[in-house]
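First the structure, in the form of structure tokens, and then the observations on it.
The values are calculated or read from the model by the stated rules, or taken from the named source; none is laboratory data. For clarity, every value in this text was computed on a predicted model and none was experimentally measured. For accessibility, only protein heavy atoms count, side chains too; no ligands or nucleic acids. Shrake-Rupley method; radii C 1.70, N 1.55, O 1.52, S 1.80 Å.
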Amino acid sequence: MYTGVSVLTYAHLCVCLSLPVLTYMLTVELLVKVGELVHKLFDLDEDLMREWVSLPAPSAEPQSALLVAPCLLEAAKQLRSESPEGLEVYVHTLQLLTTVEEGVQALVEQAGEGVWSLLSGVVTSDLCQPDDPALVLLEQRSLLTPALAVLGVLFCCPDRPAYCSPHSTLPLVASLLRLLQYLKECQQKATESREEGEVAGQPAVSQAEDQSLQFLSETATDFLSSILSELSQESVLELVRSGALTEDSGVCAAQSLQPQHSATVQHLSALLSCVDPQLFASLAPHCPRPRP
């Protein structure tokens, strides 16, 4: 059990996080520092995080309620255009909330739609764009991974709200398909670099870099599988018509999703056989055969 000191600290931090929304007087640098402090506290002390997200607002007045999840969201929204590094800090903190049941509940009930809108926009509009080189993932992976993780948790929540319905996620599916293609290229280049380094006796791609790309791949495939497994024929047809789902992106997705998500690949294959037989025929060799 924590003393009144922790509650007071919580109140002070909530006030700091909400000031940009109330007065726009807080500097970006200070806002980032506050975010780093909150992230450090939550990362080191899960019990403290549980307590803070479960506490009532410090003020008795509804209009001045200062809750952790909405404050984190508002700070992240301001930093999106002003400080990518600061945004990353807050997205990592939102991800920490999703590691405990109380945090997920607070996130969904207090800021779910706003968090979904913000992170969807970051993934589909700010990161991993069609005209970006694949190696951009090396710079963006530390933001993409927690953003996709939070979106995946929100999408898989029971009683999913309309704002994250399967059909509404099609822009995200397009980004995920493109991301997996970029990841494949990055991993191929990392393998080539490693082999060249071994021949030349030079250091290869770092293990940490390899591991971070693997984390991003696992997070992306888990989220993509969750969405694809619930898509309708109409949604898949829209992906094909928009150019998001092609032979190249489809083969890459099928290879990335297997073997862990073979059922999802079978579901997608079955839908494609109805909406685009030609594309289905191209993907068939890369898809698992349904069991008799």
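Computed with a 1.4 Å probe over protein heavy atoms only, the accessible area of Ser269 comes to about 20 Å².
Using a probe radius of 1.4 Å on heavy atoms only, what accessible surface per residue do you get for region 126-277? Whole Å² is fine.
On the way: 7100 Å² over 152 residues.
Each residue of region 126-277 exposes 47 Å² on average to a 1.4 Å probe.
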